[in-house]
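Here the structure is laid out as structure tokens; the discussion comes afterwards.
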Amino acid sequence: VASLYLDQVVQSLSAAGYTVVSYIFPHGEDSKSAETLFRVYDFLIKEQLTRSDFIVALGGGVTGDLAGFVAASYMRGIDFVQIPTTLLAAVDSSVGGKTAVDLDEGKNLVGAFYQPRLVLCDPDTLATLPPEQFRAGMAEVIKYGMIGDEVFLNSLLARPAAEHLEEVIAACVAMKRDVVSRDEFEQGERRLLNFGHTVGHAVERCRGFALSHGEAVAIGMAVLSRAAVDKGYCGEETLTRLLQALQQYDLPMETDCTVEELSAAALADKKRSGDKLRLVVPERVGRCRIETIAADSFHEWLKAGGVQ
Ligand code: NAD
Ligand code: ZN
């Protein structure tokens, strides 16, 4: 996003008396790598940054995760500020202090819990976001409604989110802040934020990342909610309202990955602990529970969720 927003941020910081240097790297998940990380360290050393300086992450989740981990590790930690410019980064990745880079073996394998000093979100930047990126962020927005707030989910159904973005982002950030402040290191409640993600990550793996993360999460929420109805965790109308929201925001609800493909992919995922798997299961709109299941019963959940 350097071509769109860097000048403005540099001018603003300079006017406030800061000396600013910028490191720009190519967009895309490929940049969230150890290679970029070491290039940024080299740059910071060359520019003689010390612990009295701070880092600003200007961009989407890739930039935030990478710059956050730089800040967590450079000189044993220097301050950092998030300026999220995607909907996903605004409602999700910029809040909560998870930072990481990917390795060849998998995503987010090296990282740290490291809180930013400030998250500065300007919803006007989302005006330049490609529509598919906006939709991907909406999957996480809908997730917040499903796990924590029925009134909020209804507001997404009643009125397009794009018409009241500030409120929508603020509501999601407040929910994430509250969950994270009660369970920063994901020992319990924070796991609710993984609703749709166990199946979602499996879909991402089996489709070789041809789908966006948000689309995969949308499918994951739909599959788990269908299974929850089938298994008596929630009523039909919980599923109906989720599907309405996904449809309204143009998100997919089905996958052509098979039960076998998804089971294999999910069991290879790091979120598994031993032979158990943790699923986030809806009980009604606005409330989900964490259910620990035997890994070998996961294929039944997928079948109940409508996967062929
Ligand atoms: P991204 O950072 O790759 O951004 C998506 C694309 O949009 C990029 O091409 C980017 O250049 C472009 N873009 C960004 N802002 C723009 C704007 N305002 N106008 C036009 N184009 C713009 O993707 P993302 O979806 O923001 O983030 C995904 C990453 O976030 C993944 O690496 C994921 O692992 C991570 N993530 C982290 C957390 C966390 O808690 N730390 C949570 C969720 C996701
Ligand atoms: Zn997600």
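The values are calculated or read from the model by the stated rules, or taken from the named source; none is laboratory data. In this text the structure is predicted, and so the values were computed from the model without any measurement. Heads up, the Cβs are rebuilt from the backbone with ideal geometry, glycines too, and the neighbour counts pull from every protein chain shown. Accessible surface areas use protein heavy atoms only, side chains included; no ligands, DNA or RNA. Shrake-Rupley method; radii C 1.70, N 1.55, O 1.52, S 1.80 Å.
Numerical summary
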{"read-out": "Any hit, segment 181-194, residues being touching a Ser or Thr at 6+ places or on another chain (Cβ under 7 Å), without any contact (Cβ under 8 Å) to a residue 40 or more places away in the chain and among the small types (Gly, Ala, Ser)", "value": "no"}
{"read-out": "Those residues of segment 4-50 which are under 18 Å from residue 68 (Cβ atoms) and among the basic types (Lys, Arg), in sequence order", "value": "32, 39"}
{"read-out": "Which numbered condition residue 206 fails, given (1) within 16 Å of ligand 2 (Cβ to nearest atom); (2) within 29 Å of residue 109 (Cβ to Cβ); (3) out of contact with any strand residue (DSSP E or B) (no Cβ under 9 Å at 6 or more places or on another chain)", "value": "(1)"}
{"read-out": "Segment 95-104: number of residues that are within 8 Å of ligand 1 (Cβ to nearest atom) and in contact with a helix residue (DSSP H, G or I) (Cβ under 6 Å, 6 or more places away or on another chain)", "value": "4"}
{"read-out": "Any pair with Cβ under 6 angstrom, 6 or more apart, that starts in segment 128-149 at a residue that is closer than 13 Å to residue 217 by Cα and ends at one that is charged (D, E, K, R) and within 11 Å of ligand 2 (Cβ to nearest atom)", "value": "140/92"}
{"read-out": "Conditions (1) in contact with a strand residue (DSSP E or B) (Cβ under 9 Å, 6 or more places away or on another chain); (2) away from ligand 1 (no atom under 16 Å from the Cβ); (3) open to solvent by 20 Å² or more (accessible area, probe 1.4 Å): number failed by residue 184", "value": "(2)"}
{"read-out": "Condition check for residue 59: surrounded by 18 or more Cβ atoms within 10 Å (Cβ to Cβ), within 16 Å of ligand 2 (Cβ to nearest atom) and within 25 Å of residue 113 (Cα to Cα)", "value": "no"}
{"read-out": "Test result for residue 232, over 22 Å from residue 159 (Cβ atoms) and in contact (Cβ under 8 Å) with a residue 24 or more places away in the chain", "value": "no"}
{"read-out": "Selection count, segment 289-307, where residues are in contact with a strand residue (DSSP E or B) (Cβ under 8 Å, 6 or more places away or on another chain) and over 17 Å from residue 219 (Cβ atoms)", "value": "7"}
{"read-out": "Conditions (1) out of contact with any Ser or Thr (no Cβ under 6 Å at 6 or more places or on another chain); (2) crowded, with 16+ Cβ neighbours inside 10 Å: number failed by residue 299", "value": "(1)"}
{"read-out": "Residue check, residue 175 more than 13 Å from ligand 2 (Cβ to nearest atom) and open to solvent by less than 40 Å² (accessible area, probe 1.4 Å)", "value": "yes"}
{"read-out": "Members of segment 66-106 that are open to solvent by 10 Å² or more (accessible area, probe 1.4 Å), within 16 Å of ligand 2 (Cβ to nearest atom) and part of a loop (DSSP other than H, G, I, E, B)", "value": "86, 95"}
{"read-out": "Candidate set: segment 120-156, residues that are part of a helix (DSSP H, G or I) and acidic (Asp, Glu); chosen: the one most open to solvent (accessible area, probe 1.4 Å)", "value": "124"}
{"read-out": "Residue count, segment 157-170 (criterion: open to solvent by 30 Å² or more (accessible area, probe 1.4 Å) and under 26 Å from residue 112 (Cα atoms))", "value": "1"}
{"read-out": "Check on residue 291, at pLDDT 95 or above and either in a loop (DSSP other than H, G, I, E, B) or more than 25 Å from residue 175 (Cβ to Cβ) (or both)", "value": "no"}
{"read-out": "Selection within segment 107-119 - in contact with a helix residue (DSSP H, G or I) (Cβ under 8 Å, 6 or more places away or on another chain), closer than 14 Å to residue 56 by Cβ and surrounded by fewer than 23 Cβ atoms within 10 Å (Cβ to Cβ)", "value": "119"}
{"read-out": "Segment 81-98 residues that are on the phi > 0 side of the Ramachandran plot, paired with ones that are in a loop (DSSP other than H, G, I, E, B) (beta carbon under 6 Å, 6 or more apart)", "value": "97/114; 97/115"}
{"read-out": "Members of segment 207-262 found to be buried (at least 22 other Cβ atoms within 10 Å of the Cβ) and among the small types (Gly, Ala, Ser), listed by number", "value": "214, 216, 218, 220, 222, 225, 227, 228, 245"}
